[in-house]
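First comes the structure, then the notes that go with it.
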Amino acid sequence: MNQIVTTIATSLAHLVLVLAIAPLVTGVVRKTKARFQNRRGASVLQPYFDLAKLFTKEVVVSSVASWLFQATPYLVFGSMLVIALLVPTVITPVPLHWVGDIITVIYLFALGRFFIALAGLDTGSAFGGLGSSREMSIASIVEPAMMLAIFTASVTAGSTNLSIVVERLSASPLAMMNPAHLLAFAGLFIVMIAETGRIPVDNPATHLELTMIHEAMILEYSGRYLALIEWASQIKLVVFLALLSNMFFPVGMAATWSPWALTVGVGAFCLKVTVLAVIVAVIESMNAKLRLFRVPELLMVAFILSLLALILYFIIGA
Amino acid sequence: MLIIAGRRSPNSQSSLNTAGRNLGFTLALLSSIAGCLLSLTILLSGAPLHVELGQTPLFGSLILHVDGLSALFLGIISLLAVSVSVYSLGYTKDLSPRHAVGTLLFLYNGFLLSMVGVVIAGHAVVFLFAWEVMSLTTYFLISYEHEEPAARRAAWLYVVMTHIGTAFLLVMFVTLHTYTGSFSFDAFKDSGSHMPALVRSLVFLCATVGFGIKAGIIPFHIWLPEAHPAAPSNVSALMSGVMIKTGIYGMVRVFFDFLGPDIPAWWGVLILVVAVSSSVLGVLYALMEHDLKRLLAYHSIENIGIILMGIGAALLFTALGSKPLAAIALIAGLYHVLNHAIFKGLLFLGAGSVLHATHSRNIEDLGGLVRKMPWTSFFFLIGAVAISALPPLNGFVSEWLTFQALLLGFQISDLTVKIAVPLTVALLALTGALAAACFVKAFGITFLGLPRSVHAQTAHESSPTMIAAMGLLSLLCVVFGVAPGLVVSVLDPLAASLLGANISGQIALNGGMLAIPQSTSTSIAPAVLAGFLVAITLVPISIGFVFGGKLRKRAAMTWGCGLEKLEPRMQYTATGFSKPIRMIFSNIYRATHEIEISEVSSPYFQPEVRYELKTESVFLTYLYEPVSRVVLKSARMMRRLQTGHLQSYLAYIFITLVILLLFAR
C-alpha cells in the first residue's frame, strides 16, 4: 500500500515537473532565435502567458466537426502526459517504468498524431487535410527512423525498457562512444527536429499555406483546445530533448530519491535541455525551411543513419 | 462434438423467404458458437480430439484430428463466423430480388464448413477435399454478383491462382506420402527427419508457394485485391479475416509439425524476405487505393506479411538452435493471426455497412458519414486504431511481441541473423507508420468532413444486428489489447509443443503485465496503460477548469477560404492525401498521370478538369504477363493436336496406352 502511494506521489511530481518546464523550454528557444535576429524578443515566460490567456478564451468549434474534433485535444494531451510518465528526466528508473517501454512511447506518439491528423480532416477545411497529409507522410519515415535509433541504444543495454537503457548506459560511459551510438544520435537528432516541427522541416511560426505542416492541421483549433494542443507540443519538445540527452549523455541522472541526488539530477537535466534547446534555436536561425519535397531526403538520411547504426551494432557489437 | 461440422449446412438452400434466411444464418451462428466452445475445450484441456471417418481402399483411414494448432484456428474461424453470421442477418435483408438468397446461404454455410474442414483435417485427402470445397465455394461467392464483369474476372483470376496453389500442395502431399507410406497427418509428423535435405526443401518450397497463394503473399497476391472486394461484404470479411489464414495454418503445420525440428537457416530467411516484401508493398499499394474494400484487401497482404515475420523469425531462430526465441516469435505470429482476423473482420463489416448505406466503395465520393452513421464510424475507428497497432488495442500487443522477438535476435552470433533481423525491424517499423497514414486517409476521407456526393448525404445507419456484430468485434479488439494474458497463456504451450521442446514461459505474465524475461525488465502493462490513457484526461480537463472555468463553446462554419461558403470539393481528396507518399516512393509506384482541362475561362476557376492517375503494378508487367503469354502460346500450339476428328483422338488413346504398357510393365 505504502509503495503504491509512493509510486503515485513520485509519478505526479515527475509529471508536474515536465508540465511546468515545457513552456519555459519553448520560451528559451524563441528567445534565442530573437537574439539571433537582433531582436530583444518576448520574455522567456511568454508561452505561460499565452497558455493562460488561451485557457480563459471561448472555444469556436466548426459546425462541420464531429465529436472527434472535441475529443482530440484531450486525447493528444493525455497521451503526451502518459509518455512523460515513461521517459526518464531527472531520475532513473522512473516509478512507472514497467507500464510501457520504448516501443510503447513511440506508438503513443503515433496515437496522438493519428487523432490530430483525423481532427485536421474533421472540419472539412482545405488546410486541415493538407496538414494531415503532410504530417502523416513525414511521420511515415520519421517514426521508423526514431525506432531504429532508439533500438540501437536499447540493444546495447539488452532491454527496451527506457529506464533500464538509461541506467545501463550511465553505468558504462564508454559504450556511448561506440560508432553505432553516434550514428544513432545523429539520426535521432534529425528525428527530433522533424517530430517537433522545427526548421528546416516545418516552421512553427508560420501560417503560410504553402509551408505549413503541423500548424495547418490545428488551424481550426482555438481557445482551450488550442492551449492543450500547444502545451502538448511543448511537452513533446521537452520529452524529445530528454530522450536525446538522457539516452546519449546520461550524466548526472539521479539514481535514488535522496535530496542531493535529486538536486544534481534536476540541475543536470535543466542544463542539458537548455543546451539542446539553444542548439535547436541556432539550427533554426541558420537554416531556411526546406521545400516540402526536399524534406523526405533529409528524413531518409535520418532513417539510413539509424539503420546503419543498428546494423553496425549487430555486426560489430559493443 | 463432430456434429458441428454436420450442423452447418442443413436447410439453407430451400430458404428464399425471410424466415429461411434467418434460419440459415442462425444455424451458422449456432454452429460457430459450438465451434468456439469446442476449440476452447481443446485449447484449455490440451487433449486432442481424434475421429476416424472410415476406411477407404486407396488412402487408408480418413481422419479428423483437432490438436492445439487446429483448435486455435478453429476458434479464430468460429469467433469471426459468429459475428459475421449476426451481421449477415441484417446485411442480406434488402438484397435485391434478382439475387438468389438461397444460393448465398448455401455457399456461405458451405464456405464456413470447408474452412473448418481444412483446419481440423487429419488426413491429406480430407484436407485437400475441404481445401477444394473452400476454393470452389469462394469462387461462386466472388462471382455472386456475376452481372458485374469485374466480379467475373476476379473470380476467374482467383480460381486459376488457387488451383496453381493446389497443384503445389498435391506435389507436397505426394512427396510426403512417398517417404511415409501414409496420408495421415500423424504419419507426416516429424517426417522431415527421414527425408534427404533436397526433398525436404522441395516440400518446404511447395508448401510456401501452395499455401502462400492462398495467404496472398507477394508476388502471389494478384488475386486478392480483385477477389475480396467483389464478394458480398460479409463474405469478404470472412475471406480476409480467416480464409487467407488457412494458408498460414498450412505453413505452420508443414514447417513446424511435419518438417521440423531440423530446419536450414535459409528457409527462415526466405520467409522473412517474403514477409517483408508483402508487408511493405501491401501497405504501399493500399495507400494508393481509393476503393475502400480494395484498400482493406491490400492491408490483408500487409498483415499476412507481419504474421510471416513472426513465423520466419521462428524458423530462423529454430535453425540456429535458439528455440526459446523461436517460441516468442511464433507466439507473436499466431497472436497476430487472431488479431488480424478480428480487426480486419471488423473493418470489412464496417466497409460493408458503408457500401450498404451509400452504394459506393469509392472513398472520394464519401465523407461526413460520422454524423449519419455514428455507430458504424465509431467501430470502424476502433478497427483503424487496432490495425495501425496503436496502444491500447490488440494490434499493438502482437506488433510489440514481434519487435521483441526480432530484437532478441542480436543474442545469436550469426551473420545471417545480424543482417536479416535489423532490416526486418526497420521495415516492420516502416509498415506500421505507413499503415497509420493509410487509415487516417481511409477513416478521415470516408467518415469526416463534408459529404462529397448525394449518396453520402443520404446515408443511413445500419440495422441493429449489423451494429451488434461490429460492436462485438470492437469489444474483442479492446479485450485482446488490454488482457493479452488471455491469449498468451493459450499460445505459450502451443508454441512449445510445435517447436518440440520444453520452453514455455518465454513470455511472462504477471498480473496484467507482459514481460520478456530474456530482456532485462522489458515489459508492458496494457491494462494499466489503457487505464492511464482514460484517467489522465482528467488532468487536462481539471487544468482547464482551474484556469479557465467552465468551457464556453460557440459553433461557427469552417472558414471557406474567402469564398461564400465551404464547399465539399474544397476538402482534401484521398488522392491528394496520399500524394506526398506517392512522391516519396515514386520508384515503387511508377505513377503516370494525365491532366485534361476543358474550356479555360479563367486560369483559376476551371469548370471541368479530368485527372487520371495510374500506378503500375510491377508484378503484373514483369511476372504475370510474360508467364501468361508463354502459357497462351503453348496452349495455341497444343490446339493443333485437337483436330476434332474422332479417329485422331482414338489414335492418341491408343498411342498413350502403348507407351504406358511399355513403361509400366
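Considering only B:Ala332, B:Ser648, B:Leu393, and ranking their Cα positions along the charge dipole of the protein assembly as shown that arises from unit charges at the beta-carbon of Lys, Arg, Asp and Glu, the one farthest toward the positive end is B:Leu393. Computed on the Cα atoms alone, the convex hull of the protein assembly as shown gives a volume of 191 cubic angstrom per residue. Computed as a quarter of the hull surface, the mean projected area of the alpha carbon convex hull for segment B:240-303 stands at 4.5 nm². Sorted on the mean count of surrounding Cβ atoms within 10 Å across their residues, most packed first, peptides A:140-151, A:192-203 read A:140-151, A:192-203. The charge dipole of segment A:53-165, taken about its Cα centre with unit charges on the Cβ atoms of Lys, Arg (+1), Asp and Glu (-1) only, comes to about 180 debye.
Close amide H pairs (under 5 Å, H built 1.01 Å from N) link B:Lys553 with A:Val59, residues at least 5 positions away or on another chain. The base-10 log of I(q)/I(0) for segment A:2-316, evaluated at q = 0.08 Å⁻¹, reads -0.35 [Debye formula, identical scatterers on Cα atoms, solvent excluded]. The separation of segment B:49-97 from segment B:525-547, counted between C-alpha centres, amounts to 44 Å. Largest accessible area first, the residues B:His50, B:His194 order themselves as B:His194, B:His50 under a 1.4 Å probe with ligands, DNA and RNA left out. For the protein assembly as shown, the residue among A:Val64, B:Val354, B:Leu80 whose Cα projects farthest onto the positive side of the dipole built from Cβ charges is A:Val64.
Scalar couplings 3J(HN,Hα) for segment B:146-154, obtained by applying the Karplus form with A = 6.51, B = -1.76, C = 1.60 to θ = phi - 60°, are 6, 6, 7, x, 4, 5, 5, 5, 4 Hz; x denotes Gly and Pro. Only Lys, Arg, Asp and Glu carry charge here, each on its Cβ (+1 for the first two, -1 for the last two); on that basis segment B:348-441 has a dipole of about 220 debye about its Cα centre. Computed with a 1.4 Å probe over protein heavy atoms only, the accessible surface of chain B comes to 39 Å² per residue. The solvent-accessible area of B:Phe654, taken with every protein chain present and a 1.4 Å probe, is close to 130 Å². Among the residues of segment A:151-165, those with an accessible-area drop of 40 Å² or more from chain alone to full protein complex, heavy atoms and 1.4 Å probe, are A:Phe151, A:Val155, A:Gly158, A:Thr160. The 1.4 Å probe gives accessible areas that order B:Arg640, B:Arg452, largest first, as B:Arg640, B:Arg452. Averaged per residue, segment A:2-316 has 33 square angstrom of accessible surface, using a 1.4 angstrom probe with ligands and nucleic acids left out. Our coupling estimate for segment B:294-299, obtained by passing each phi through the Karplus curve with A = 6.51, B = -1.76, C = 1.60 and θ = phi - 60°, is 5, 4, 5, 4, 5, 5 Hz, Gly and Pro reported as x.
A simple spin-label model places pseudo-atoms 7 Å from Cα toward Cβ; at B:Glu608 and A:Gln70 they are separated by 4.3 nm. Of all the accessible heavy-atom surface of the protein assembly as shown, with the other protein chains kept in place and a 1.4 Å probe, what percent is carbon and sulfur? It is 68 percent, rounded to a whole number.
Dipole magnitude for segment A:2-316: computed about the Cα centre from +1 point charges on Lys and Arg Cβ and -1 point charges on Asp and Glu Cβ, it is near 780 debye.
In segment B:511-537, which residues give up 50 Å² or more of accessible area once the other protein chains are added, compared with their chain alone (1.4 Å probe)? Residues meeting the cut-off: B:Thr520, B:Ser521, B:Leu529, B:Phe532, B:Leu533, B:Ile536.
Could you tell me whether segment B:73-142 comes out rounded, prolate or oblate from its Cα gyration tensor? Rule is a ≥ b ≥ c as square roots of the eigenvalues, rounded for a/c under 1.5, then prolate if a/b exceeds b/c, otherwise oblate. Because a/c hits 1.5 or more and a/b fails to exceed b/c, segment B:73-142 counts as oblate. What is the set of long-range amide H partners of B:Leu53 at a cut-off below 5 Å, with H atoms built 1.01 Å from backbone N? Placed amide hydrogens put B:Leu62, B:Ile63, B:Leu64 under 5 Å from B:Leu53. Placing unit charges on the Cβ atoms of the charged side chains and taking the dipole of chain B about its Cα centre, the candidate lying farthest along the positive direction among B:Leu169, B:Ala197, B:Ile543 is B:Ile543. Each of A:Glu209, B:Glu461, B:Glu52 has its accessible area taken with a 1.4 Å probe; listed largest first, they run B:Glu52, A:Glu209, B:Glu461.
Of the residues in segment B:431-457, those shielded by at least 50 Å² of accessible area once partner protein chains are present, compared with the chain alone at a 1.4 Å probe, are B:Ala433, B:Val440, B:Leu448. Buried area at the B:A interface is about 7300 square angstrom, summed over both chains, from accessible surfaces computed with a 1.4 angstrom probe. Accessible surface of B:Tyr611, taken over heavy atoms with a 1.4 Å probe and every protein chain present, rounds to 90 Å².
Shape class of segment B:489-624 from the alpha-carbon gyration tensor: oblate, with a/c at 1.5 or above and b/c at least as large as a/b. Take B:522-528, B:31-37 and order them by the average number of nearby Cβ atoms within 10 Å per residue, most first; the result is B:522-528, B:31-37.
Backbone geometry of segment B:448-462 corresponds, through the Karplus equation with coefficients 6.51, -1.76 and 1.60 at θ = phi - 60°, to 3J(HN,Hα) couplings of 9, x, 9, x, 9, 8, 4, 4, 5, 5, 9, 5, 9, 6, 6 Hz, x marking Gly and Pro. Other protein chain C-beta atoms within 10 Å of residue C-beta, averaged over A:309-315: 5.
Counting Cβ atoms of other protein chains within 10 Å of each Cβ in B:419-429 and taking the mean gives 6. Counting only DSSP H runs of at least 4 residues, each contributing -39500 (n - 2.57), and dividing by the residue count of chain B, the helix-based mean residue ellipticity at 222 nm comes to -21500 deg cm²/dmol.
Using heavy atoms of the protein chains and a probe of 1.4 Å, the accessible area assigned to B:Leu657 is about 100 Å².
The shape of segment B:149-303 comes out prolate: with a ≥ b ≥ c from the C-alpha gyration tensor, a/c is at least 1.5 and a/b beats b/c.
The values are calculated or read from the model by the stated rules, or taken from the named source; none is laboratory data. These numbers come from a predicted model, not from an experiment. Using ideal geometry, Cβ is built from the backbone for each residue, glycine included, and neighbour counts are taken over all protein chains shown. Only protein heavy atoms, including side chains, enter the accessible area calculation; ligands, DNA and RNA are left aside. Shrake-Rupley method; radii C 1.70, N 1.55, O 1.52, S 1.80 Å.
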